[in-house]
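Inspection log for the structure reproduced underneath, given as structure tokens.
The values are calculated or read from the model by the stated rules, or taken from the named source; none is laboratory data. Since we're looking at a predicted model, the values are computed, not measured. So basically every Cβ, Gly included, is an ideal-geometry build from the backbone, and we count neighbours across all protein chains shown.
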2 protein chains.
Amino acid sequence: MFGGSAFSPEQRAGVYEAIRKRRDARVFLPDPLPEEGLARLLHAAHHGPSVGYMQPWNFIVIRSAEVKTQIKALFLRARQVEAGDFTGERHNLYTSLKLEGIVEAPINLCVTCDPTRFGPVGLGHHFAPEAPFYSTCCAVQNLWLAARAEGIGVGWVSILEREELQRILQLPSPITPVAYLCLGYVPEFVQRPVLEEVGWAPRLPLAALVYEERWEGEQTEALRHALQHEVQTCGCQKGRANDATREKS
Amino acid sequence: MFGGSAFSPEQRAGVYEAIRKRRDARVFLPDPLPEEGLARLLHAAHHGPSVGYMQPWNFIVIRSAEVKTQIKALFLRARQVEAGDFTGERHNLYTSLKLEGIVEAPINLCVTCDPTRFGPVGLGHHFAPEAPFYSTCCAVQNLWLAARAEGIGVGWVSILEREELQRILQLPSPITPVAYLCLGYVPEFVQRPVLEEVGWAPRLPLAALVYEERWEGEQTEALRHALQHEVQTCGCQKGRANDATREKS
């Protein structure tokens, strides 16, 4: 059914397992990562798709306790500010969450984007100046899934002031940090995302997020049925939509 | 070496194969995609990582020839404008490239981002308003890799005027189109990316893109060695840096 270009069932299962079992890691073991493992992850990232084949990414591997400590201080400051966005129960929950493992993780990795890699104009940027940044995110996801297959945890820390991060890592303009990641072995890959587990947000039902032909366009019967079936098969769709979810009209 | 959380060698190979053999598809076969296959791909996307677990994405499945024709017209107009960014040989090469398969692909898919999914504030956005868009890109990459494992081609069309796309798909503010994708079976997954094959841009050498501790920070001997070894093992690093690549100092 899927033609000669499809993978063996076992290889295909590997891809779906990595997708389903990938987690945002915040707790790390002190064990060092082997250099070959790190090289494979960087290689996976470097095979991300990129607009105009510009490969706009660079990778800054951070091992030193000194740099990690500076970044951790940045995080603490930013978290304190962001905590002010929430009140009551929500505020208490926010401040109770462990949101990073910067110092504990053996490796931190900053993935940057150079939107001018091949000069000021590039194929596919004219109408999408954000495209090089989007390409870099796809590269990060490659790394994240490869790491899962290797049994390596990855956590993305977005609670950081960008200008300060640029200063610490000495990024010249127009180099932009896209992702700040913590990498290392983990005690476990938890069953459900932590923010789902603690009740911060529910898993949204996929069927409520799919339209056809246009915004709020109704699903065909066949697709609705297939979405339903897929959900039952994987058994991982236990959430429910809350008010914020735009239900199908 | 990789602990109990690692995958079987075959499953792990599946992940790396998907990463290495994923291509940006522009040529499609007319065969329809099975609805279950499409549902699995959407499911893969929905398991992307998201800042504050906000799952900011929606998926608009486009099958109608009428909508595809409108989008194709958008593309043609945008391509004509973008072609003006290039001169001489480069211009000729640009206009000779097939950059999309909008009308031929059985399915088009617009992946959108709602940066306000759970209200105006969310965990991790305060210092990174771009984070929901980045999450959506990671979801797209999940779908792209799952599609490769299924033997389904995916092409990302970024040469489109965003406001016009929003109008055609009736996206209300602040819903933003992040990716416009073409999906379908393909005659082949080409060995090398088309833009590399035709000489638009070379594959950059990974080792030139990796720093340690800070921008332009020198690699440790161990990492340099591992990067070199990984390149030889996979045999896919035939490009060379051009002037635009920032070589290590």
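Data table
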quantity: Among (1) at the interface with another protein chain (Cβ under 7 Å from one of its Cβ atoms); (2) touching a Gly at 6+ places or on another chain (Cβ under 8 Å); (3) over 30 Å from A:TYR94 (Cα atoms), the one test that A:ASP24 misses; calculated: (3)
quantity: The range B:103-116, residues that are part of a loop (DSSP other than H, G, I, E, B) and surrounded by fewer than 24 Cβ atoms within 10 Å (Cβ to Cβ); calculated: B:VAL103, B:GLU104, B:PRO106, B:ASP114, B:PRO115, B:THR116
quantity: Residues (facing another protein chain (nearest Cβ under 7 Å), under 16 Å from B:PRO34 (Cβ atoms) and buried (at least 17 other Cβ atoms within 10 Å of the Cβ)) located in the range A:214-228; calculated: A:LEU223, A:ALA226, A:LEU227
quantity: Single residue of A:VAL81, A:VAL61 found to be at pLDDT 95 or above, assigned to a strand (DSSP E or B) and assigned by TED's automatic domain parsing to the domain that holds A:GLN141; calculated: A:VAL61
quantity: Check on A:ARG246, more than 7 Å from chain B (Cβ to nearest Cβ) and at pLDDT below 95; calculated: yes
quantity: Complete set of residues in the range A:4-24 that are touching a helix residue (DSSP H, G or I) at 6+ places or on another chain (Cβ under 9 Å) and outside any helix (DSSP H, G or I); calculated: A:SER5, A:ALA6, A:PHE7, A:SER8, A:ARG22, A:ARG23, A:ASP24
quantity: Positions within the range A:178-201 being in contact with a Phe, Trp or Tyr (Cβ under 9 Å, 6 or more places away or on another chain), closer than 26 Å to A:ALA146 by Cα and in a loop (DSSP other than H, G, I, E, B), in sequence order; calculated: A:VAL186, A:PRO187, A:PRO193
quantity: Checking A:PRO56 against (1) in contact with an Asp or Glu (Cβ under 6 Å, 6 or more places away or on another chain); (2) at the interface with chain B (Cβ under 9 Å from one of its Cβ atoms); (3) not basic (Lys, Arg), the condition it does not meet; calculated: (2)
quantity: Total residues in the range B:1-43, condition surrounded by 20 or more Cβ atoms within 10 Å (Cβ to Cβ) and of a type in the set (Gly, Ala, Ser); calculated: 5
quantity: Within the range B:86-102, considering residues that are over 22 Å from B:TYR180 (Cα atoms) and of a type outside the set (A, V, I, L, M), the one surrounded by the fewest Cβ atoms within 10 Å (Cβ to Cβ); calculated: B:GLY88
quantity: Residue in the range B:31-38 that is farther than 29 Å from B:GLN191 by Cβ, more than 7 Å from chain A (Cβ to nearest Cβ) and without any contact (Cβ under 8 Å) to a residue 40 or more places away in the chain present; calculated: no
quantity: Single residue of B:LEU181, B:LEU165, B:LEU206, B:LEU160 found to be in contact with a His (Cβ under 8 Å, 6 or more places away or on another chain), touching a residue at least 24 places away in the same chain (Cβ under 8 Å) and either among the hydrophobic types (A, V, I, L, M, F, W, C) or not assigned by TED's automatic domain parsing to the domain that holds B:THR95 (or both); calculated: B:LEU206
quantity: Condition broken by B:PRO49, with the remaining ones in (1) under 22 Å from A:GLN219 (Cα atoms); (2) surrounded by 15 or more Cβ atoms within 10 Å (Cβ to Cβ); (3) within 7 Å of chain A (Cβ to nearest Cβ) satisfied; calculated: (1)
quantity: Leading residue by the ranking (nearest to the other protein chains (Cβ to nearest Cβ)) among those in the range B:128-177 that are touching a Ser or Thr at 6+ places or on another chain (Cβ under 6 Å) and in a helix (DSSP H, G or I); calculated: B:ALA131
quantity: Out of B:TYR211, B:TYR180, B:TYR185, sole residue that is more than 7 Å from chain A (Cβ to nearest Cβ), crowded, with 16+ Cβ neighbours inside 10 Å and aromatic (Phe, Trp, Tyr); calculated: B:TYR180
quantity: Unique match (being of a type outside the set (D, E, K, R), over 30 Å from B:THR95 (Cβ atoms) and out of contact with any helix residue (DSSP H, G or I) (no Cβ under 8 Å at 6 or more places or on another chain)) among A:PHE75, A:PHE86, A:PHE59; calculated: A:PHE75
quantity: Residue pairs meeting the criteria (Cβ under 7 Å; at least 6 apart or on separate chains; first free of Cβ contacts under 8 Å to residues at least 24 places away in the same chain, in the range B:54-72; second surrounded by fewer than 23 Cβ atoms within 10 Å (Cβ to Cβ)); calculated: B:SER64/A:GLU213
quantity: Those residues of the range A:59-87 which are among the polar types (S, T, N, Q) and more than 7 Å from chain B (Cβ to nearest Cβ), in sequence order; calculated: A:THR69, A:GLN70, A:GLN80, A:THR87
quantity: Condition check for A:TYR94: farther than 18 Å from A:ILE62 by Cβ, among the aromatic types (Phe, Trp, Tyr), within 19 Å of the chain's Cα centre (by Cα) and in the same structural domain as A:ALA45 (by TED's automatic domain parsing); calculated: no
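Each row is one residue, and each column tells you yes or no for (1) of a type outside the set (S, T, N, Q); (2) at negative phi; (3) modelled with pLDDT of 95 or more.
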| position | (1), (2), (3) |
| --- | --- |
| B:SER5 | no, yes, no |
| B:ALA18 | yes, yes, yes |
| B:LEU29 | yes, yes, yes |
| B:PRO32 | yes, yes, yes |
| B:LEU41 | yes, yes, yes |
| B:PRO56 | yes, yes, yes |
| B:ALA73 | yes, yes, yes |
| B:ASN92 | no, yes, yes |
